[in-house]
1. Considering each of PRO95, PRO89 in turn, give the residue that is under 12 Å from the mean Cα position of the chain (by Cα) and either open to solvent by 90 Å² or more (accessible area, probe 1.4 Å) or modelled with pLDDT under 80 (or both).
2. Please go through region 84-109 and pick out each residue that is closer than 21 Å to ARG26 by Cβ and assigned to a loop (DSSP other than H, G, I, E, B).
3. Of the conditions (1) free of Cβ contacts under 8 Å to residues at least 24 places away in the same chain; (2) more than 21 Å from SER87 (Cα to Cα); (3) not aromatic (Phe, Trp, Tyr), SER70 satisfies every one except a single condition; which number is it?
4. Would you mind telling me which numbered condition in (1) at positive phi; (2) in contact with a strand residue (DSSP E or B) (Cβ under 6 Å, 6 or more places away or on another chain); (3) not β-branched (Val, Ile, Thr) PRO95 fails?
5. Among the residues of region 39-60, is any at pLDDT 85 or above and among the aromatic types (Phe, Trp, Tyr)?
6. Please specify each residue of region 1-49 satisfying the condition of being in contact with a Pro (Cβ under 8 Å, 6 or more places away or on another chain) and of a type in the set (Val, Ile, Thr).
7. With the structure loaded, tell me whether ALA19 is at pLDDT 85 or above and more than 13 Å from the chain's Cα centre (by Cα) or whether it fails that test.
8. Quick check on region 64-83. Is at least one of its residues open to solvent by 60 Å² or more (accessible area, probe 1.4 Å), over 22 Å from GLN12 (Cα atoms) and assigned to a loop (DSSP other than H, G, I, E, B)?
Amino acid sequence: MDSHDEFLELVQKHKAAHASVSLSSRVVDDLGIDGDDAEELIEELNTKFKPQAPEENWSKYFHNEAELLSWSYYLKLLIYKAGIRKSPPLRNIEPLTVKKLMELYNAHLRNV
């Protein structure tokens, strides 16, 4: 098995049950990997591809678990769904596809 297959297998292991993984899958929106699930995925990728793991500010791509479990999140979500609140209940994050995640690791591999 090559590293490409191993990478996809690790992502597959952390996705939501209903989701299917492709290179164009958005990690948060399509695969449901966010918060603690994202931390676990990154930790496992870092362990598997160490010392090739990239130094990356992952908070620009994922919410932390405290954001997702906050009581104010649910209140903001309810108000947003009712059409009263115009902005989404969570801060904006950069979209991250499986392909881009893989490229972050591959770019680091080339620089090592």
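1. After applying the criteria, what remains is PRO95.
2. Once the filter is applied, which keeps residues that are closer than 21 Å to ARG26 by Cβ and assigned to a loop (DSSP other than H, G, I, E, B), region 84-109 yields SER87, PRO88, PRO89, LEU90, ARG91, ASN92, ILE93, GLU94, PRO95, LEU96.
3. All conditions pass for SER70, except number (2).
4. Single failed check for PRO95: (1).
5. yes
6. Residue satisfying the conditions is VAL28 alone.
7. yes
8. Checked region 64-83: at least one residue is open to solvent by 60 Å² or more (accessible area, probe 1.4 Å), over 22 Å from GLN12 (Cα atoms) and assigned to a loop (DSSP other than H, G, I, E, B).
The values are calculated or read from the model by the stated rules, or taken from the named source; none is laboratory data. Keep in mind the model is a prediction, meaning the values are calculated, not measured. Every residue, glycine among them, receives a Cβ derived from its backbone with ideal geometry; neighbour counts consider all protein chains shown. Ligands, DNA and RNA are excluded from the accessible area calculation, which covers all protein heavy atoms including side chains. Shrake-Rupley method; radii C 1.70, N 1.55, O 1.52, S 1.80 Å.
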